[in-house]
Amino acid sequence: MSVQINDLELLDAVRDFALRHSHPAVQKFSDSMQNWGDDWVSIEPTYLPAADFLAEAIANTDQQTRPLVETFAQHKNRMHWEQSYKKADDVVPDAMLEGYAFAEIIGKRGPFISDRIRAGMGIWGPDILYPRHQHQAEEIYIVLAGAAEFKIGVDDETRHVAGDVVYVQSNMPHGFRTTDQSLVVYYLWQAGDLRQTSSFG
């Protein structure tokens, strides 16, 4: 089975955005991104309501982030949207479960298979709390659209807007609250279990 053209467009957009980014924290992921692997699998599209925030989020981007958000919005109906948590887990608020989703482009579950790096897009609707959590992998959030108040470790909450980079060290507690706008982020994980479910508390 050959790689679908639409998937290649997403791969190019995700990979190029990271490799061209000038922030030192993002550059830490360059080697993993350049050598992510070479395997592709067909992924069944799935829908989650949070994906519908993409269209309106375009207005809350900046010049650097808008093309990537537009690319994801163009392909949102053929992407595999998912969530890490369930209501029975009782670890995140119901409002978050009703208003968030992420789509992996590179990672252990594909469509571009990698055990070195995980990359994709996450979406949270307005006024959502993502409680403090942690995981082994180091992580980058690049805010593509909207804004959120991030809490990293013992630091005070800091508002980050489109274009900002938020770096999270391995096993560092972190979380955020979205504003009255939906939040769209580009995420990168490397080192540790790339599909580890976060721990809370």
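So the values come out like this:
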item	result
Flag if residue 62 is closer than 27 Å to residue 177 by Cβ, touching a strand residue (DSSP E or B) at 6+ places or on another chain (Cβ under 9 Å) and either basic (Lys, Arg) or touching a residue at least 12 places away in the same chain (Cβ under 8 Å) (or both)	yes
Whichever residue in the range 168-186 is buried (at least 19 other Cβ atoms within 10 Å of the Cβ) and of a type outside the set (A, V, I, L, M, F, W, C) and, among such residues, is nearest to residue 71 (Cα to Cα)	186
Residue within the range 101-109 that is loosely packed, with under 13 Cβ neighbours inside 10 Å, under 19 Å from residue 188 (Cβ atoms) and touching a helix residue (DSSP H, G or I) at 6+ places or on another chain (Cβ under 8 Å) present	no
Sole residue being of a type outside the set (D, E, K, R), under 16 Å from the mean Cα position of the chain (by Cα), farther than 28 Å from residue 64 by Cα and surrounded by fewer than 16 Cβ atoms within 10 Å (Cβ to Cβ), chosen from 134, 196, 83	196
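Any read-out appearing in this document is the output of simple, stated calculations on the displayed coordinates, not a laboratory observation. The shown structure was predicted, so the numbers you read here are calculated from the model rather than taken from an experiment. A quick note on method: Cβ atoms are made from the backbone with ideal geometry, for glycine too, and the neighbour counts reach across all protein chains shown.
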